[in-house]
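Chemist: Let me give you the structure first, and then I'll get to my questions.
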Amino acid sequence: MSFDKPGFRHPRQAKNKAGYTRSDYEGGISTLCAGCGHDSTTNAIIQACFELGVEPHRVAKISGIGCSSKTPAYFLGRSHGFNSVHGRMPSIATGANMANRDLLYIGISGDGDTASIGMGQFAHALRRNLNLNYICMNNGCYGLTKGQDSATADKGSAGKKGAPNPYESIDLCELAITMGASYVARGFSGDKKQLVPLFKGAFAHKGLAFIDVISPCVTFNNTTNSTKSYSYVRDHIEATNTFDFVPLQQEILASYEEGETRAVTMHDGSKLHLHKVDSRIDVTNRLKAVNKLEEEKERGRVLTGLLYVNQEIEETHDIINSTLTPLNELTIAELCPGNARLQGINEALR
Ligand SMILES: Cc1ncc(C[n+]2csc(CCOP(=O)(O)OP(=O)(O)O)c2C)c(N)n1
Ligand code: SF4
């Protein structure tokens, strides 16, 4: 549920290259708890879309069920949206993507939605490298149903009323890297400076971009015994790198010492400039990315930043060689090429 924001805006708000102001990317008023990490994550999505000059009507937001999955009501109010069923965001996103490959797909999910009921769906979206920005707002609990541990809760971590979690946690980034995602990053809702470029890089990426956002639940899982609390994450956060997203043809203003910066070119020619890169990290190497995550986990650190990117993996449309034209723009003749053609296809399959 959401409520409309008051319509008055400053008449001289700055506009982006598409002619929109920042408020054009907002949605309804949030009904989440004050201080919820998901609201900060929502804000970073708004900022990234505004800075990139995304056209709101070219975006489709799809979500599952949970406090996290309510957030598409609070951003990009002028875009297409579908709030689906618990854990089923990936299959709805797949269907929409097959019907129209021209939109920017933003899939919103939670750790409960992704790592339990939606695990099978998540896995198959990854292995198909679906052209989807899969954002998981990860608070280690089921916020909407009053804070039960989720499958990403760390072993020994405890929420407001629960006993310490006895099970190993699932690392969604590791899973995403090993199962075929081509852009994997982890951010923290409390660090917008890092989160906005992570989203911008994802939105420019072709293929499955998975962004795991540690997004604390202030009501049920922000205790001193929780590893998904604001204070724990702030005390244990480690970044692989800092980076800027540089759209094609934009001048680079910051200057860095030689050897400090590495550039990754995206398919559209824009660049991710990685700064202060740890020499033990190669974000284009799957094995090294997983090793680094494991290493930091052993040290009790929460590794954030861009973890893995691969521009070579084909996305679903390239794999299945689907039509470039959105299905609703195909003509009857294209959709129904006639009996002779059908016979030919049947013959080829005998
Ligand atoms: C099929 C089905 N099973 C269970 C539920 C109950 N349910 C609603 S939200 C939720 C978990 C949400 O947790 P998460 O995805 O982590 O989102 P959060 O609320 O923490 O943002 C559950 C189990 C449901 N709505 N539908
Ligand atoms: S219950 Fe937790 S996750 Fe849900 S809105 Fe409140 S703080 Fe956010």
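The values are calculated or read from the model by the stated rules, or taken from the named source; none is laboratory data. Everything quoted here is computed from the prediction, not taken from an experiment. Cβ: placed from backbone, ideal geometry, glycine included. Neighbour counts: every protein chain shown.
Chemist: Answer yes if at least one residue in region 19-27 is charged (D, E, K, R) and touching a Ser or Thr at 6+ places or on another chain (Cβ under 8 Å), and no otherwise.
Modeler: Checked region 19-27: no residue is charged (D, E, K, R) and touching a Ser or Thr at 6+ places or on another chain (Cβ under 8 Å).
Chemist: Given the conditions (1) in contact with a strand residue (DSSP E or B) (Cβ under 6 Å, 6 or more places away or on another chain); (2) closer than 26 Å to Gly147 by Cα; (3) more than 15 Å from ligand 2 (Cβ to nearest atom), and given that His80 satisfies all but one, which numbered condition is not satisfied?
Modeler: The one condition His80 does not meet is (2).
Chemist: If you don't mind, another one. Every residue in region 184-211 that is basic (Lys, Arg) and more than 14 Å from Leu132 (Cα to Cα), please. Lay out the reasoning, then the answer.
Modeler: Step one: list which residues in region 184-211 are basic (Lys, Arg), which gives 186, 192-193, 200, 206.
If the condition is that a residue be basic (Lys, Arg) and more than 14 Å from Leu132 (Cα to Cα), then Arg186, Lys192, Lys193 are the ones that fit.
Chemist: Which number in (1) aromatic (Phe, Trp, Tyr); (2) crowded, with 18+ Cβ neighbours inside 10 Å; (3) out of contact with any strand residue (DSSP E or B) (no Cβ under 7 Å at 6 or more places or on another chain) marks the one condition that Tyr183 misses?
Modeler: That leaves (3) as the condition not met.
Chemist: Name the one entry in Glu168, Glu174 that is out of contact with any helix residue (DSSP H, G or I) (no Cβ under 8 Å at 6 or more places or on another chain) and within 28 Å of Gln121 (Cα to Cα).
Modeler: None of the other options fit; the residue is Glu168.
Chemist: Just checking, how many residues over region 89-129 are within 13 Å of ligand 1 (Cβ to nearest atom), touching a helix residue (DSSP H, G or I) at 6+ places or on another chain (Cβ under 9 Å), in a helix (DSSP H, G or I) and hydroxyl-bearing (Ser, Thr, Tyr)?
Modeler: Adding up the residues that qualify gives 1.
Chemist: Just checking, does region 41-57 include any residue being within 12 Å of ligand 2 (Cβ to nearest atom) and within 22 Å of Thr145 (Cβ to Cβ)?
Modeler: Yes, region 41-57 has at least one match.
Chemist: Within region 165-181, is there a residue that is acidic (Asp, Glu) and within 16 Å of ligand 2 (Cβ to nearest atom)?
Modeler: The answer is no; no qualifying residue exists.
Chemist: Follow-up question, since we're still on this one. Restricting attention to region 207-221, which residues are within 12 Å of ligand 1 (Cβ to nearest atom), among the hydrophobic types (A, V, I, L, M, F, W, C) and in a loop (DSSP other than H, G, I, E, B)?
Modeler: Selection gives Cys217, Val218, Phe220.
Chemist: Related question: Among (1) surrounded by fewer than 18 Cβ atoms within 10 Å (Cβ to Cβ); (2) among the polar types (S, T, N, Q); (3) within 16 Å of ligand 1 (Cβ to nearest atom), where does Gln13 come up short?
Modeler: Here Gln13 meets the rest and fails (3).
Chemist: Condition first: hydrophobic (A, V, I, L, M, F, W, C), over 15 Å from Gly147 (Cα atoms) and within 13 Å of ligand 2 (Cβ to nearest atom). Now tell me which residues in region 185-224 satisfy that.
Modeler: Let us first name the residues in region 185-224 that are hydrophobic (A, V, I, L, M, F, W, C), namely 185, 188, 195-196, 198-199, 202-204, 208-211, 213-214, 217-218, 220.
Cutting the leftovers down to over 15 Å from Gly147 (Cα atoms) gives us 185, 188, 195-196, 198-199, 202-204, 208-211, 213-214.
Across region 185-224, the qualifying residues are Val213, Ile214.
Chemist: While we're on this one: How about region 259-350: which helices (runs of 4 or more DSSP H) wholly inside it have at least 1 residues that are within 17 Å of Leu208 (Cα to Cα)?
Modeler: 286-298, 316-320
Chemist: Give the residue, chosen from Pro72, Pro90, that is buried (at least 22 other Cβ atoms within 10 Å of the Cβ) and within 16 Å of ligand 2 (Cβ to nearest atom).
Modeler: Pro72
Chemist: With the structure loaded, tell me whether Asn133 is touching a helix residue (DSSP H, G or I) at 6+ places or on another chain (Cβ under 8 Å) and within 16 Å of Ser69 (Cβ to Cβ) or whether it fails that test.
Modeler: Against the criterion (touching a helix residue (DSSP H, G or I) at 6+ places or on another chain (Cβ under 8 Å) and within 16 Å of Ser69 (Cβ to Cβ)), Asn133 qualifies.
Chemist: Being assigned to a loop (DSSP other than H, G, I, E, B), more than 9 Å from ligand 1 (Cβ to nearest atom) and under 19 Å from the mean Cα position of the chain (by Cα) is the filter here; which residues of region 130-153 pass it?
Modeler: Correct list: Leu130, Asn131, Leu132, Ala151.
Chemist: Consider Ile177 carefully, then state whether it is in contact with a strand residue (DSSP E or B) (Cβ under 6 Å, 6 or more places away or on another chain) and either away from ligand 1 (no atom under 16 Å from the Cβ) or at pLDDT below 95 (or both).
Modeler: Yes, satisfied.
Chemist: Starting from region 61-85, keep only residues that are of a type in the set (Val, Ile, Thr), then list their pairs with residues that are within 15 Å of ligand 1 (Cβ to nearest atom) and part of a loop (DSSP other than H, G, I, E, B) whose Cβ atoms are within a distance under 6 Å, requiring at least 6 positions of separation or different chains.
Modeler: Hits for this filter: Ile65/His86.
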